[in-house]
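See below for the structure under consideration.
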Amino acid sequence: MKQRSPVGTMLYARSVESSTYELWRQTSDMDFKNQSEIDSAIKRLLVNGKLKVVPPRNQEEEAQLLMYRAFEGKTKAKRIFMARKALNIFPDCTDACVLLAAEDSADFRDAEMMYRRGVESWRRVLGEEFIRDNMGDLWGYVRARPLLRAMNGLAIDLWELKRYNESNHVMLDIIAHNRNDNMGVRLVLMRNFILLNKPKEALKLFEIKEFMEDTRPDWIFGKALARFGDEGFTPKANSELEYASKKYPLFVQCMVDPDSMVDPAPGSDDYLSMPNVFQAVDFLVDAWELVPGAMEWLEGRKSAQVVTPYHRPEAKTGRNTPCPCGSGKKYKHCCGKADLGSIC
């Protein structure tokens with residue numbers, strides 16, 4: 001039950017956040033009364049559509065700005081060097097701990113220590129009162145995001161160490177800190193509960209208000225699987241599988257009989273959903289295969305799925321290409337004349 005490493009996501013998803021952080025740095029001391037004042041302040045800060053460059057106000061900001069550059073570093077050695085430099089500038093720099101845990105740890109236990117250092121450091125930087133007052137919405141405060149990244153890394157590391165209950169507890173804590181779950185922790189936690197034969201715990205996640213409208217394939221097929229694992233072949237489980245299968249018929253085909261898949265018509269809903277469906281299959285296949293009877297249950301849905309097929313048009317013969325009849329003449333001087341005559 002190996003967990004996916006979060007490293008790739010952490011290293012290459014920071015450019016937008018760095019802009020948000022820069023905006024926060026330049027406006028955090030301002031007192032806004034309405035949205036109009038916010039918009040006016042942002043316009044004043046922009047130069048040719050970009051934020052003005054403002055020096056860091058303290059060591060925390062200096063280290064954090066360096067880490068945004070480190071996350072974008074093209075080589076592992078450069079990223080590690082910059083992370084160590086950030087820690088020298090500000091020993092409580094949590095994002096530096098996150099990067100070093102992911103890329104410079106001797107083993108998972110070493111990484112655990114670094115992740116825990118990052119969690120403890122940023123809780124100290126933010127203050128327990130701030131965390132308590134903003135519980136559930138921490139992602140909305142860009143300065144708080146390193147804490148959530150460190151917690152996420154810790155949870156994945158604990159799973160690798162086979163300390164499954166501890167890992168799940170940390171993930172539940174992340175969701176409590178960030179109810180909108182911008183990091184997608186609920187998906188991993190849902191799958192983990194199923195892998196651990198705890199479908200009831202997985203089903204509790206689907207009762208959280210913020211997640212009820214989620215219709216991505218890994219979420220709704222995970223819900224159907226959790227229901228089947230908990231209740232077996234029941235009308236409710238069947239209904240949830242039917243809903244998921246009608247919305248994403250490609251998922252069923254990929255899971256049950258990938259060799260017989262047809263190409264969806266370009267522009268169709270099936271075609272547009274292909275990347276998400278393939279990702280969902282890769283993410284959930286172990287869980288579906290683990291639950292007794294689940295694959296047979298899913299296979300029962302295959303005959304009911306209808307994927308809009310893509311019929312490739314026959315290639316047209318060019319006017320100056322050899323005629324397909326084999327005469328050796330150009331098409332326009334042979335059968336092409338007949339085609340033109342029929343059109344006329």
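Probe radius 1.4 Å, ligands and nucleic acids ignored: give me the carbon and sulfur share of the accessible area of segment 118-164 as a rounded percent.
46
How much area per residue is accessible in segment 216-279 when the probe is 1.4 Å and only protein heavy atoms are counted (Å²)?
47
With a cut-off of 8 Å between alpha carbons and a minimum separation of six or more residues, what is the relative contact order of segment 107-178 in percent?
That works out to 39 percent.
Which value in nm describes the separation of the simple spin-label points at Lys247 and Leu196, placed 7 Å from the Cα toward the beta carbon?
2.6
Return the FRET efficiency for the residue pair Ala265, Lys74: r is the Cβ-Cβ distance, R0 is 51 Å, and the value is rounded to the nearest 0.05.
In this case the efficiency is close to 0.80.
Read phi for every residue in segment 287-298 and hand back ³J(HN,Hα) as whole Hz from Karplus 6.51 cos²θ - 1.76 cosθ + 1.60, θ = phi - 60°, with x for Gly and Pro.
Computed from phi, the couplings for segment 287-298 are 5, 5, 6, 7, 6, x, x, 5, 5, 5, 4, 5 Hz.
Treat each spin label as a single point 7 Å out from the Cα along the C-beta direction, and report the Phe130 to Met295 distance in nm.
Distance between the two pseudo-spin positions: 5.0 nm.
Could you work out how much longer the chain between Val285 and Glu231 gets when fully extended? Use 0.36 nm per residue separation minus the Cα distance between them, nm to one decimal.
17.4 nm
Which residues in segment 251-272 have a backbone N closer than 18 Å to a point placed 7 Å from the Cα of Thr215 along the Cα-to-Cβ line?
251-252, 267-272
Once you put a point 7 Å from the Cα of Arg44 and another 7 Å from the Cα of Lys204, both along the Cβ direction, what distance in nm separates them?
4.9
Which sequence of Leu272, Leu138 reflects their accessible areas, 1.4 Å probe, from the largest down?
Putting Leu272, Leu138 in descending order of accessible area: Leu272, Leu138.
Which ³J(HN,Hα) values, rounded to whole Hz and listed in residue order, are derived for segment 190-199 from phi using the Karplus coefficients 6.51, -1.76 and 1.60 in 6.51 cos²θ - 1.76 cosθ + 1.60 with θ = phi - 60°, glycine and proline given as x?
Computed from phi, the couplings for segment 190-199 are 4, 5, 4, 4, 5, 4, 8, 6, 10, x Hz.
HN-Hα J couplings of segment 117-132 from phi, Karplus 6.51/-1.76/1.60, θ = phi - 60°, integer Hz, Gly and Pro as x?
Along segment 117-132, the couplings run 4, x, 4, 5, 4, 6, 5, 5, 5, 6, x, 5, 5, 4, 4, 5 Hz.
Could you tell me the relative contact order of segment 46-194? Use alpha-carbon pairs under 8 Å, at least six residues apart, and round to a whole percent.
17
Loop-only check: which GluC sites (Glu not before Pro) in segment 177-249 are DSSP coil with at most 10 other Cβ within 10 angstrom?
Answer by residue number: Glu207, Glu213.
State the dimensionless ratio Rg/Rh of segment 45-103 (Rg: radius of gyration of Cα atoms; Rh: Kirkwood radius).
Rounded to two decimals, Rg/Rh equals 1.06.
Pop out the carbon and sulfur fraction of the accessible area of segment 173-216 as a percent, whole number, probe 1.4 Å.
Answer for segment 173-216 is 44 percent, counting heavy atoms of protein chains only.
Leaving out ligands, DNA and RNA, what percent of the accessible area of segment 51-98 is carbon and sulfur, probe 1.4 Å?
Exposed carbon and sulfur together represent 57 percent of the surface.
The values are calculated or read from the model by the stated rules, or taken from the named source; none is laboratory data. Worth saying up front: this structure is predicted, and the values here are computed from it rather than measured. Glycine also receives a Cβ, built like all others from the backbone with ideal geometry; neighbour counts cover every protein chain displayed. In case anyone asks, the SASA skips ligands and DNA or RNA and just uses the protein heavy atoms, side chains included. Shrake-Rupley method; radii C 1.70, N 1.55, O 1.52, S 1.80 Å.
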